[in-house]
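Input: a single structure, listed below in structure tokens.
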Amino acid sequence: MFNDLLTMLGHQFPDRFASLLAVSTLETVYMSVLSTLIAVLLGLPIGFLTFLTNKRAILENKKLNAFLNIIINIGRSIPYIILLLALIPLTSWLLPGGSIGSNAAIVSLSAAATPFFARLTSNALFEIPAGLTETAKAMGATHWQIIRKFYLPESLPTIINAITLTFVTLIGYTAMAGTQGGGGLGSLAINYGVYRNMPYVTWAATIVIVAIVMISQKLGDTLAKRVDHR
């Protein structure tokens, strides 16, 4: 009976499945990490500028603030699968290899994550006590000093949580990218679990994705608590 079970399971998985699963996992982590890094590099200054140009902020600028909010809101409103398809021409132009593969998926993943992270950053800054700015000004701090020595340290735990949330969200997006040849665990689940009628492959990919999300969330929460001195 046990041998029959092993034989049945053997037909439910492709040859070299362990190797395929390992490579797909690495591709998913690679896409998510690099896309998160790009989103942070682009979204952090946008989020800060959105906050700093708000009404009664140190760099108040009504027109610029309205423009930034419109860009962020539009970027967050576009469903990822639509953005993925819309950016195929741009991806093909940017990458010689075309719009297929992990590197190609990073373009759309970064585009989706940047406004998302920018909004999380501005929201994190809005949680800073209003009196902090007045205190910093009373101490003679310049605008740059207020940002670097007051705003950033005060909002750092929340920003770390925002980075974690962005990373976790992008892991889910990579699964959608896999439907368009983006690689990773999503592509593995589609190519084998759906097209080749191997549902156990889909379940295996799902379990790995859940494990990555849980580990990432735990690490992010731990780091946020360590830097939180409030």
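The values are calculated or read from the model by the stated rules, or taken from the named source; none is laboratory data. In this text the structure is predicted, and so the values were computed from the model without any measurement. Cβ: placed from backbone, ideal geometry, glycine included. Neighbour counts: every protein chain shown.
So here's what we get for this one:
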quantity: Pair list, Cβ < 7 Å and 6+ apart or interchain, from segment 23-45 residues that are surrounded by fewer than 17 Cβ atoms within 10 Å (Cβ to Cβ) to residues that are among the aromatic types (Phe, Trp, Tyr) and at pLDDT 95 or above; calculated: none
quantity: Filter result for Leu94 (touching a residue at least 24 places away in the same chain (Cβ under 8 Å) and on the phi < 0 side of the Ramachandran plot); calculated: no
quantity: Filter result (of a type in the set (Gly, Ala, Ser), within 28 Å of Val33 (Cα to Cα) and crowded, with 16+ Cβ neighbours inside 10 Å) within segment 135-176; calculated: Ser155, Ala162, Ala175
quantity: Matching helices (runs of 4 or more DSSP H) fully within segment 26-135 where at least 1 residues are at pLDDT 90 or above, of a type outside the set (A, V, I, L, M) and touching a Gly at 6+ places or on another chain (Cβ under 7 Å); calculated: 102-126
quantity: Residue among Lys225, Lys218 that is in contact (Cβ under 8 Å) with a residue 40 or more places away in the chain, of a type in the set (Lys, Arg) and either in a helix (DSSP H, G or I) or within 30 Å of Thr133 (Cβ to Cβ) (or both); calculated: Lys225
